[in-house]
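Colleague: Here's a structure for you.
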Amino acid sequence: MIKNLRLSAKLLLLSALTMLFITACQQEDNVSPDALLTASYDNEVVMKWNNLLLEVDRYTPGYLPPVSARSYAYIGLAAYETVVPGMPDYKSFGKYYSGLALPSSAGSDGYHYPVALNNAYATIVTKLFPGVPAAQFSKIISLQNELNAKYETEVSAEKFEASVAWGKAVADAVYLWSTSDAAGHEGFLHNTDPAYVPPSGPGFWQPTYPNYGKALLPHWGDVRMFAATADDRCENPLPYSTDQSSELFAQAKETENKVNLIRQGLNYEDKWIAEFWSDDCAALTFTPAGRWIAIANQALQSTNANLEKAIVVEAKVGMAVCDAGIRCWGEKYRFNVLRPVDYIRNVLGDNNWNSIMCPDGAGQFFTPAFPTYPSGHGTFGSAAAEVLTAEFGQSFTMTDNCHKDRTDFIGTPRTFSSFYEMAAENAYSRLPIGVHFRMDAEAATDLGYKIGRKVNDLPWKK
């Protein structure tokens with residue numbers, strides 16, 4: 001009898017434990033194991049902030065392409081560090097970059113990452129763009145408030161406040177690190193150096209027709225980089241020669257002829273390519289660096305990327321275009337090669353020739369006020385294409401809709417089968433617009449791909 005009672009008790013206990021186990025399993029089935037991780041959220045906060053950043057980039061005075069590119073890198077780093085506690089396969093750069101003192105996190109389940117990210121963006125964007133026009137500043141505040149109001153309903157008050165504080169703390173730390181880079185921080189305030197005197201002599205760049213502007217960012221090569229080094233250099237440019245049999249003469253003739261055909265109403269394809277990739281006229285579009293943020297946005301949207309993917313892509317593209325601008329400008333002023341417009345007018349004897357870049361409404365066109373070799377467009381594009389290829393694959397067909405609805409220039413979308421194809425066309429586009437030699441585009445793509453690979457090789461993964 002006693003044995004039977006003991007057996008019955010054991011069976012009841014086993015039954016109770018079994019039911020408890022089954023109930024626990026059912027509860028676990030209703031809870032995603034990665035519910036608190038970065039990858040469990042969508043990319044809304046990144047898309048909305050990146051789209052606004054492109055507008056800030058476009059309208060804020062003083063943000064030349066390399067300055068804008070640097071801003072994207074620090075914004076991307078702040079965003080990455082804000083959500084990396086919820087990315088188990090990735091690690092922080094807090095111990096990788098000297099002087100970057102990041103706050104300590106509460107762990108992967110301590111924050112609501114969209115809330116933290118929203119406030120990190122608002123904090124660092126307003127700090128890095130202190131001269132943003134009132135209209136865009138108002139949009140920054142409105143977006144921050146809009147997203148906070150939405151996300152506040154999804155999380156407890158305690159976690160909401162902790163997430164806001166975390167995002168702001170990370171952004172403040174990254175901004176503080178930016179201030180330690182004397183050559184790059186607040187670059188928009190020193191686009192020119194009154195003391196800088198460009199070298200003179202045959203083949204050297206001098207302030208260029210028609211506006212003869214002072215050299216822009218002559219010391220940008222000294223700015224702190226994320227992955228590249230001063231050893232990332234271009235091959236020597238073609239030697240200066242006025243001989244009609246020289247390669248430089250032939251390349252100048254190529255640029256001259258391409259522009260002339262467009263002016264004659266011929267070769268619409270080249271005109272389309274030239275205007276489609278222009279992105280170098282203040283307030284007309286975002287910068288050439290921003291163009292690749294816009295391209296990344298489209299790739300993320302078309303693949304429905306989650307928040308983790310969007311953040312990694314943004315950080316990589318930002319670092320790639322930042323370093324591309326620094327090394328490109330360092331090489332520009334190392335070689336100081338004259339622009340095609342001066343060679344064509346002075347050597348080829350085409351005294352009325354000009355580029356077709358940035359019409360001023362009165363029939364006048366311009367050439368950027370810095371040396372030609374290598375191309376900035378080409379370097380930005382190839383560096384970004386390298387990291388985008390690593391994230392989305394060698395064969396990634398997409399239609400670039402960056403300027404789809406523009407009527408003031410040819411912004412008709414173009415379709416590409418890879419990011420490399422996009423980068424190559426982007427670099428080439430500077431020939432038919434009249435501001436570069438072919439050698440500038442070729443050197444730029446080589447340099448940019450090298451920089452992009454170095455960004456890919458950073459210690460992102462654990």
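Colleague: Here is a list: Met225, Met319. Which entry is within 19 Å of Gly184 (Cβ to Cβ), assigned to a helix (DSSP H, G or I) and not small (Gly, Ala, Ser)? Talk me through it step by step, then tell me what you get.
Modeller: Working: Met225 fails: assigned to a helix (DSSP H, G or I).
Exactly one of Met225, Met319 is within 19 Å of Gly184 (Cβ to Cβ), assigned to a helix (DSSP H, G or I) and not small (Gly, Ala, Ser), namely Met319.
Colleague: Also, I was wondering about something else. Residues that are closer than 30 Å to Met87 by Cβ and out of contact with any Phe, Trp or Tyr (no Cβ under 9 Å at 6 or more places or on another chain), at least 1 per element: which helices (runs of 4 or more DSSP H) completely within region 352-462 meet that? If you could, list the steps in order and put the result at the bottom.
Modeller: Numbers: elements: 376-392, 419-428, 438-456.
By residue number, 376-392, 438-456.
Every residue, every condition in (1) farther than 25 Å from Ala369 by Cα; (2) aliphatic (A, V, I, L, M), yes or no:
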| residue | (1), (2) |
| --- | --- |
| Met398 | yes, yes |
| Phe409 | no, no |
| Phe416 | yes, no |
| Tyr428 | no, no |
| Pro432 | no, no |
| Ala441 | no, yes |
| Lys450 | yes, no |
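Colleague: Can you confirm whether Thr192 is of a type in the set (Val, Ile, Thr), more than 30 Å from Asp243 (Cβ to Cβ) and part of a helix (DSSP H, G or I)?
Modeller: So Thr192 fails the test.
Colleague: Identify, please: which residue in region 280-302 is within 28 Å of Gly203 (Cβ to Cβ) and touching a Ser or Thr at 6+ places or on another chain (Cβ under 9 Å) and is, among those, surrounded by the fewest Cβ atoms within 10 Å (Cβ to Cβ)? Lay out the reasoning, then the answer.
Modeller: Kept after step one, since they are within 28 Å of Gly203 (Cβ to Cβ), are these residues of region 280-302: 280-281, 288.
In the following step, the residues that additionally are touching a Ser or Thr at 6+ places or on another chain (Cβ under 9 Å) were identified as 280, 288.
On the way: Asp280: 21, Pro288: 28.
Going through the qualifying residues, I end up with Asp280.
Colleague: List pairs: first in region 205-223 and touching a residue at least 24 places away in the same chain (Cβ under 8 Å) and within 19 Å of Tyr240 (Cα to Cα), second open to solvent by 80 Å² or more (accessible area, probe 1.4 Å) and not in a helix (DSSP H, G or I), Cβ under 8 Å, 6+ apart or cross-chain?
Modeller: The qualifying pairs are Gln206/Ser200; Pro207/Lys214.
Colleague: Right, here's the next one. If you take the residues in region 308-336 that are touching a Phe, Trp or Tyr at 6+ places or on another chain (Cβ under 6 Å) and surrounded by fewer than 24 Cβ atoms within 10 Å (Cβ to Cβ), which one is farthest from Ala369 (Cα to Cα)?
Modeller: Among them, the one singled out is Phe335.
Colleague: OK, next. Any chance region 164-181 includes a residue that's without any contact (Cβ under 8 Å) to a residue 60 or more places away in the chain and of a type in the set (Lys, Arg)? Explain how you work it out, then say what you get.
Modeller: Of all residues in region 164-181, those without any contact (Cβ under 8 Å) to a residue 60 or more places away in the chain come to 164-165, 168, 172, 179, 181.
Adding the requirement that they be of a type in the set (Lys, Arg) leaves 168.
Checking region 164-181: at least one residue is without any contact (Cβ under 8 Å) to a residue 60 or more places away in the chain and of a type in the set (Lys, Arg).
The values are calculated or read from the model by the stated rules, or taken from the named source; none is laboratory data. Quantities reported herein were computed from a predicted structural model and do not represent experimental measurements. Every residue, glycine among them, receives a Cβ derived from its backbone with ideal geometry; neighbour counts consider all protein chains shown. Heads up: the accessible areas ignore ligands, DNA and RNA and are worked out on the full protein's heavy atoms, side chains in. Shrake-Rupley method; radii C 1.70, N 1.55, O 1.52, S 1.80 Å.
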